[in-house]
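Okay, so here's the structure we're looking at.
The values are calculated or read from the model by the stated rules, or taken from the named source; none is laboratory data. This one's a predicted model, so the numbers in the text were calculated from it and none came from an experiment. Note that each Cβ is placed from the backbone with ideal geometry, even for glycine, and that neighbours are counted across all protein chains shown. The area values use the complete protein model at the heavy-atom level, side chains included, leaving out ligands, DNA and RNA. Shrake-Rupley method; radii C 1.70, N 1.55, O 1.52, S 1.80 Å.
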2 protein chains.
Amino acid sequence: MLMSKLLGERFKEKPGEATSISHIYLLRGGYVRQVTNGIYSLLPPAKRVVSKIENIIRQEMDAIDGQEVLFPVALPGDLWRESGRFDAVGSELVRFKDRGGKDMVLGMTHEEAAVHLARTEAKSYNNYPFMIYQIQTKFRDEPRARGGLIRVREFTMKDAYSFHTSQEDLEAYYEQCLQAYHRIFARAGVPETVCVQSDTGMMGGKVAHEFMLLTDIGEDTIIICDSCDYQSNMEVATGKLPVATTEEGTIEEVHTPNAHTIEEVANMLGVTADKTLKACVFEMEGHKEPLIVFIRGDLQVNEAKLQKVVKATITPFEKYEDTPNLCFGFMGPYNLDARDAKIIFDESLRNEKNLVVGGNKKDYHIKGISISRDIKDADFHDVAEVLEGQECPCCHGKLQFKRGVEVGNIFQLGTRYSESMGMTYIDSDGKAKTPIMGCYGIGVGRLLACIIEARHDEWGPIWPMSVAPWQVHICVLKSKKTDMDAIGNEIYNKLSSKYEVIMDDRNVGAGVQFADADLLGIPVRVVVGEKNLKEGKVELMTRDKSVKKLVDLGDVEKEVAALIAELS
Amino acid sequence: MLMSKLLGERFKEKPGEATSISHIYLLRGGYVRQVTNGIYSLLPPAKRVVSKIENIIRQEMDAIDGQEVLFPVALPGDLWRESGRFDAVGSELVRFKDRGGKDMVLGMTHEEAAVHLARTEAKSYNNYPFMIYQIQTKFRDEPRARGGLIRVREFTMKDAYSFHTSQEDLEAYYEQCLQAYHRIFARAGVPETVCVQSDTGMMGGKVAHEFMLLTDIGEDTIIICDSCDYQSNMEVATGKLPVATTEEGTIEEVHTPNAHTIEEVANMLGVTADKTLKACVFEMEGHKEPLIVFIRGDLQVNEAKLQKVVKATITPFEKYEDTPNLCFGFMGPYNLDARDAKIIFDESLRNEKNLVVGGNKKDYHIKGISISRDIKDADFHDVAEVLEGQECPCCHGKLQFKRGVEVGNIFQLGTRYSESMGMTYIDSDGKAKTPIMGCYGIGVGRLLACIIEARHDEWGPIWPMSVAPWQVHICVLKSKKTDMDAIGNEIYNKLSSKYEVIMDDRNVGAGVQFADADLLGIPVRVVVGEKNLKEGKVELMTRDKSVKKLVDLGDVEKEVAALIAELS
């Protein structure tokens, strides 16, 4: 490839709309251009990186017996009705009518399509287990598109679906896929990607993991133990919590005028927040009764954990007028007239004693409540958000908070889709059974952006050899006296027969050539300049600037080969 | 790959919905499954063929300096408004609103996206010429989806866009691309694909060619000279026509009561249809006045040719009451009171003499009209449909009609998109100029189907080595006495290290294995059976049944290598 013909302008200025490093370099290096909010065209260098990432993914999926297929982008709404997601998923799912008036959706994930295909083809236990995957365009009408390729509305995704006849078989394959993911991220140049437990969200199922690249631009919080290998995202993280008060107290009603918040109550009564109990009230989708969560005063409810417990989408409660028996601002578990409300106690309260709780009447609290002594049949669940520095649930280490970007996720779906869509196979005992599924995703464009986040310097991306758009970049510095092009072409032709080479043949200064080369981030660079040529030499360097040396013109091929081997 | 794990049922019965050979085999061989009307999922064998076709296309596009990019599937409506196509294109263009209420479309072709990307990146004449291409999903809400992958609503397409600073440069590149297309079709196994002149349709532009695979299931008519290499589709075909009458006649009004059709008039007056003139009346979109076309009585108007002449969409005329001065059924060019009508004469009339024409009053015709003598300022255009057997426009051969399927098309777009979308570059003279474009498409799935149409026998597809899903198919026939699996595995492991191999490891009869192997259509087959093994031999055959021989077990690798080389 010649730089003079490469489509894509590179530039120096930081683009106004970009804040993350990857977004800045993707624009400045001529990798992507926005077509509209969250929708990008890829220019040749980015497309080349994407193809290489896709090939790595393909190889690793094939290595664990994956079979590549292709599902449609546009899917019939009726298929999504079978799984219940046509109505359940919000406006991130694009719906449209075809010319015949039929409901269609743009696939944002392909569980329905995978079950549709597999349910007519895998009717005997002999066909199991199997995994099918595709690398295909997806559309998700994301309200908060941002960060260049980090969070977009249209993206290329590898999505895989495995089908099993037992939970054990799913678990064994899930572990294989988890290891394949580690290999993919390592080969793509981000071996530091961590695997954390995660919530299953709208996918359903029980066990899930996310692969996170730790980076300050990440919008997810990752919880990592500073001592053992416990890693989790916020939605499922737990921690050990010392009991705040171990001695019983005496029950006593106290006047707390206008003290609505925990801070106000604690101040007024001279205690710390962890010696109080607070009530949080929610509405549950599809339920009339309010959901009351009691939790220790110093903690926050984690809504993702809570939703999993109550199996419903929750929103803050607002229908105060419908529940005159609940005394908002002064609600407590002791002598509560909650009628039809659903009540949950966070695990943090289980062993607490001598707590200040709401008095269930305006301007009154009650002191001295011990949960185990004073509250009957409390229903305990872990719905609290972990705190930074809290004790690890697995050891005595401390939990640290990190920022991360999700580059892949894997789910044990169970029978969530196979059952709702009526997929069965005939088992060896002659009976019809429902297959158990797993699904496994990687966002290709986001992975590209994450590689830049992890591998760059102040001048541009530093592509790992495995995914670099080209392997060798030749800069031919122009001269008025010497015909540098002829020498450049000779090196270019030699190296092109073995490697992917781009040559800067433009009549521009060395500064522009070097700046552009840094933005293209090619691992090996050959600089052909008049001064060195007089000594019969060219300059050889690596993009990360760790190697920089003069080599004999005759040794270029050998030296480049050695450098490529070293960097591969 | 092991057949026991390959996803996809194969079956014997002809599927009710399929009529074309490719559709039947795609279903019977477990290649595709319909998700909804005109939308398919590809199973592993089809996906493998598609990937190979894509790689051939990619190599040939790269060889003519193409740069691979990726445009979005979902595009902003505003971009299509810039080119005028948001409103101009009918309901085959899917439109939807995003969550912010903005108009979006699903790309059915990407001229707008290509200009959007290129117009910010190619601002100097130095950047030209260049070609960018993508291989991406397209959606076209086709009213007549049919024939399996022949005419679908969602499909993978290679679309390329070239940008030039002169018409000559475009034409030279267009020819290069045309040759690349011939190489692609030859490499994909359909070298008999023909290139015909075609209409530019909704793409705009002036010159266009279609690549057609001649097959009885084709819905297009191709006109081919039986003597020279003239090839055209119906929309632009022309032919030479001998003059029907060379002698002048005398003008005479004749009473022709109730003779409305050419047949009725000719019968009544005892002449053949080629000695009459007929009038065809159309409405032109965006015009008030009617369009009257006079043409020789034995010919038909070709609407595509006519639309190109008048530069408007035409429909049959129906507003008779608005034009009382026109005497429908008896309209003729002589003494016609046509007022604001647009009048066109087909070239067939230019030299005709002594014609019967409408008398412009009810129940009367006029005999003896010579166009050159009696009609002033006639505006001649070729708008007639060619007839089978008509003389070739280039030689004295005869035109033959064939059926064909379009597998690719190329267009000289000119400035149709660059101008409407305001794309300019600065030329060497410092002036802003508008680039000249070409575009070049290949439907990948349709090409796959066409390969089956061209390469099959009564048992299934016969894949060319270049696109076959696997290169070698091993059938291991089960036996109660001998452990055939061990021997099969040994051959499988040996061959798999060099070739793409699928092995039938299922415990099914030879008949089922052979029928399935024929449906998978793999070029080279190795049959491992007990009887031959006793002699130390296995059977080696080609899918097209032209080679079938016993080879020594020790020679399998060598013999397979020779056969693959021969077939490649």
*If A:Lys14 satisfies every condition in (1) part of a loop (DSSP other than H, G, I, E, B); (2) within 12 Å of chain B (Cβ to nearest Cβ); (3) surrounded by fewer than 21 Cβ atoms within 10 Å (Cβ to Cβ) but one, which is the exception?*
(2)
_Conditions (1) more than 27 Å from A:Lys240 (Cβ to Cβ); (2) exposed (fewer than 15 other Cβ atoms within 10 Å of the Cβ); (3) of a type in the set (A, V, I, L, M, F, W, C); (4) touching a residue at least 60 places away in the same chain (Cβ under 8 Å): number failed by A:Met421_ = (2)
_Residues satisfying the stated conditions in segment A:79-118, i.e. assigned to a loop (DSSP other than H, G, I, E, B), in contact with a helix residue (DSSP H, G or I) (Cβ under 8 Å, 6 or more places away or on another chain) and under 30 Å from B:Lys5 (Cβ atoms)_ = A:Gly107, A:Thr109
*Scan of segment B:87-101 for residues that are hydrophobic (A, V, I, L, M, F, W, C) and either in contact with a strand residue (DSSP E or B) (Cβ under 7 Å, 6 or more places away or on another chain) or within 12 Å of chain A (Cβ to nearest Cβ) (or both), ordered by number*: B:Leu93, B:Val94, B:Phe96
_Verdict on A:Ile217 being in the same structural domain as A:His110 (by TED's automatic domain parsing), over 20 Å from A:Ala63 (Cα atoms) and open to solvent by less than 50 Å² (accessible area, probe 1.4 Å)_ = yes
*Quick one: is A:Gly445 assigned to a strand (DSSP E or B), more than 30 Å from A:Phe345 (Cα to Cα), within 17 Å of the chain's Cα centre (by Cα) and in the same structural domain as A:Val190 (by TED's automatic domain parsing)?*
no
*Could you grab the pairs with beta carbons closer than 7 Å, sequence gap of 6+ or different chains, first residue in segment A:277-300 and over 15 Å from A:Ala378 (Cβ atoms), second one of a type in the set (Phe, Trp, Tyr) and part of a loop (DSSP other than H, G, I, E, B)?*
A:Val281/A:Phe317; A:Phe282/A:Phe317; A:Glu283/A:Phe317; A:Pro290/A:Phe317
*Which of the residues spanning segment B:503-524 are in contact (Cβ under 8 Å) with a residue 60 or more places away in the chain, open to solvent by 30 Å² or more (accessible area, probe 1.4 Å) and part of a helix (DSSP H, G or I)?*
B:Ala515
*Which is buried (at least 23 other Cβ atoms within 10 Å of the Cβ), in contact with a strand residue (DSSP E or B) (Cβ under 7 Å, 6 or more places away or on another chain) and either within 23 Å of B:Asp220 (Cβ to Cβ) or facing another protein chain (nearest Cβ under 8 Å) (or both), of B:Glu112, B:Glu142, B:Glu154?*
B:Glu154
*Of the residues that make up segment B:25-34, is at least one over 21 Å from the mean Cα position of the chain (by Cα) and small (Gly, Ala, Ser)?*
yes
_Among the listed residues B:Ala113, B:Ala88, B:Ala180, identify the single one that is within 25 Å of the chain's Cα centre (by Cα) and under 22 Å from B:Thr193 (Cβ atoms)._
B:Ala180
*Test for A:Glu500: is it open to solvent by 10 Å² or more (accessible area, probe 1.4 Å) and either closer than 19 Å to A:Lys5 by Cβ or at pLDDT 95 or above (or both)*: yes
*asked:* So, A:Val190, is that one of a type in the set (A, V, I, L, M), in contact with a strand residue (DSSP E or B) (Cβ under 6 Å, 6 or more places away or on another chain) and surrounded by fewer than 19 Cβ atoms within 10 Å (Cβ to Cβ) or not?
replied: no
*Residue that is most open to solvent (accessible area, probe 1.4 Å) [pool: residues in segment B:17-56 that are more than 9 Å from every other protein chain (Cβ to nearest Cβ) and under 30 Å from A:Pro44 (Cα atoms)]*: B:Asn55
_Looking at A:Leu495 and the list (1) within 42 Å of the chain's Cα centre (by Cα); (2) modelled with pLDDT under 95, which single condition is not satisfied?_
(2)
*Those residues of segment A:19-36 which are modelled with pLDDT of 95 or more and not β-branched (Val, Ile, Thr), in sequence order*: A:Ser22, A:His23, A:Tyr25, A:Leu26, A:Leu27, A:Arg28, A:Gly29, A:Gly30, A:Tyr31, A:Arg33, A:Gln34
_Suppose we filter segment A:79-103 for residues that are under 14 Å from A:Lys138 (Cα atoms) and crowded, with 19+ Cβ neighbours inside 10 Å; how many remain?_
2
*Out of all the residues in segment B:389-407, is one or more part of a helix (DSSP H, G or I) and either within 30 Å of B:Gly332 (Cα to Cα) or of a type in the set (A, V, I, L, M) (or both)?*
no
*In the set A:Val265, A:Val271, which member is aliphatic (A, V, I, L, M) and within 16 Å of A:Ser370 (Cβ to Cβ)?*
A:Val271
*Single residue of segment A:2-11 satisfying the filter (more than 8 Å from every other protein chain (Cβ to nearest Cβ) and part of a loop (DSSP other than H, G, I, E, B)) that is surrounded by the fewest Cβ atoms within 10 Å (Cβ to Cβ)*: A:Phe11
*For segment A:331-352, indicate whether the set of residues that are of a type in the set (Phe, Trp, Tyr) and in contact (Cβ under 8 Å) with a residue 40 or more places away in the chain is non-empty.*
yes
_Lone qualifier among B:Gln136, B:Gln59 - being closer than 30 Å to B:Ile522 by Cα and more than 8 Å from chain A (Cβ to nearest Cβ)_ = B:Gln59
_Can you pull out every residue in segment B:332-364 that is over 20 Å from B:Asp322 (Cα atoms), touching a helix residue (DSSP H, G or I) at 6+ places or on another chain (Cβ under 9 Å), in a loop (DSSP other than H, G, I, E, B) and open to solvent by less than 40 Å² (accessible area, probe 1.4 Å)?_
B:Glu352
